[in-house]
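Asker: This is the structure I have questions about; it appears just below.
The values are calculated or read from the model by the stated rules, or taken from the named source; none is laboratory data. Remember, it's a predicted structure, so these values are computed and weren't measured experimentally. Every residue, glycine as well, gets a Cβ built from its backbone with ideal geometry; the counts of neighbours run over all protein chains shown.
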Amino acid sequence: MFAKIKRYFLRKYIRENRVSRQRQVSSLKHARAVGILCEITNEDSYKSIYAIFSKLQMQDKNVRLVGYVNDKEVPFYCLPQLTCDFFSNKHLNWYGKPMMPQLLDFTKLEFDILIDFNYRDNAPIESLIALSKSKFIIGQNEGSASYYDLFINDSNKEYAHFLDAIFKYTSKLSGNE
């Protein structure tokens, strides 16, 4: 019951504060600024997403990573950096709205592409997506599909496989194939 009340107030906050944004199709190959949202479930998921983050940075892209940990504290292996931020339930208000200043700054950035690597419902990440000013939002979570500009329904839940699918479909959509 309490979870439904929290969800109601978070959805109300999102509805009232959702930003209008300039949508623009962009290929991952030509994108200069890329935002990454994900949920860190264990050390292996951290290593996988960090490998993708590093790969994109090596391609001369301005990449920002925000990872959510569904726990009281962010684990020791999630090392925050200048362009990597991690948050936990401690950084949310009572109904699930992210309250960390770095997260609010993240939503104000206009990424060429914002990638949501979540494949299951996640209210804090959903609120960041809804409040984002990004030009092109891509994801694979059916629960957040209404916020995406490109929804990729992929049964393979590996981050690297999803990134390959993004590269393939954004190249086709932008005519750069």
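Asker: Looking only at region 128-161, which residues are in a helix (DSSP H, G or I), farther than 15 Å from GLY67 by Cβ and within 13 Å of the chain's Cα centre (by Cα)? Even if it seems obvious, please write down each step before you answer.
Answerer: At the first step, the residues of region 128-161 found to be in a helix (DSSP H, G or I) are 128-130, 142-147, 159-161.
Still in the list and also farther than 15 Å from GLY67 by Cβ: 130, 142-147, 160-161.
Within region 128-161, ALA130, SER144, ALA145, TYR147 qualify.
Asker: Here is a further query. With the condition kept exactly as written, say whether any residue in region 57-69 is within 22 Å of HIS161 (Cβ to Cβ) and part of a helix (DSSP H, G or I).
Answerer: yes
Asker: Could you say whether any residue in region 61-69 is out of contact with any strand residue (DSSP E or B) (no Cβ under 7 Å at 6 or more places or on another chain) and of a type outside the set (S, T, N, Q)? Quick ask: steps written out before the conclusion?
Answerer: At the first step, the residues of region 61-69 found to be out of contact with any strand residue (DSSP E or B) (no Cβ under 7 Å at 6 or more places or on another chain) are none.
Looking through region 61-69, none of the residues is out of contact with any strand residue (DSSP E or B) (no Cβ under 7 Å at 6 or more places or on another chain) and of a type outside the set (S, T, N, Q).
Asker: Okay, next question. Looking for whichever is part of a strand (DSSP E or B), in contact with a strand residue (DSSP E or B) (Cβ under 8 Å, 6 or more places away or on another chain), surrounded by 20 or more Cβ atoms within 10 Å (Cβ to Cβ) and of a type in the set (A, V, I, L, M, F, W, C) here; the options are PHE106, PHE87. Which one fits?
Answerer: Just a single option satisfies the conditions, and that option is PHE87.
Asker: Somewhere in region 162-177, is a residue at positive phi, surrounded by fewer than 19 Cβ atoms within 10 Å (Cβ to Cβ) and of a type outside the set (S, T, N, Q)?
Answerer: Among the residues of region 162-177, at least one is at positive phi, surrounded by fewer than 19 Cβ atoms within 10 Å (Cβ to Cβ) and of a type outside the set (S, T, N, Q), which makes the answer yes.
Asker: From the list SER144, SER132, SER127, exactly one residue is buried (at least 21 other Cβ atoms within 10 Å of the Cβ), at negative phi and out of contact with any Gly (no Cβ under 8 Å at 6 or more places or on another chain). Which is it? I'd like the intermediate steps shown before the answer.
Answerer: Numbers: SER132 fails: out of contact with any Gly (no Cβ under 8 Å at 6 or more places or on another chain); SER127 fails: out of contact with any Gly (no Cβ under 8 Å at 6 or more places or on another chain).
Result of the check over SER144, SER132, SER127: SER144.
Asker: For VAL69, indicate whether it is surrounded by 20 or more Cβ atoms within 10 Å (Cβ to Cβ), closer than 21 Å to SER27 by Cβ, among the β-branched types (Val, Ile, Thr) and touching a residue at least 12 places away in the same chain (Cβ under 8 Å).
Answerer: In short, no.
Asker: Please find, within region 1-49, the residue that is modelled with the lowest pLDDT out of those that are more than 20 Å from LYS133 (Cβ to Cβ) and not in a helix (DSSP H, G or I).
Answerer: MET1
Asker: May I ask you to verify whether SER144 is under 20 Å from GLU16 (Cβ atoms) and without any contact (Cβ under 8 Å) to a residue 60 or more places away in the chain?
Answerer: yes
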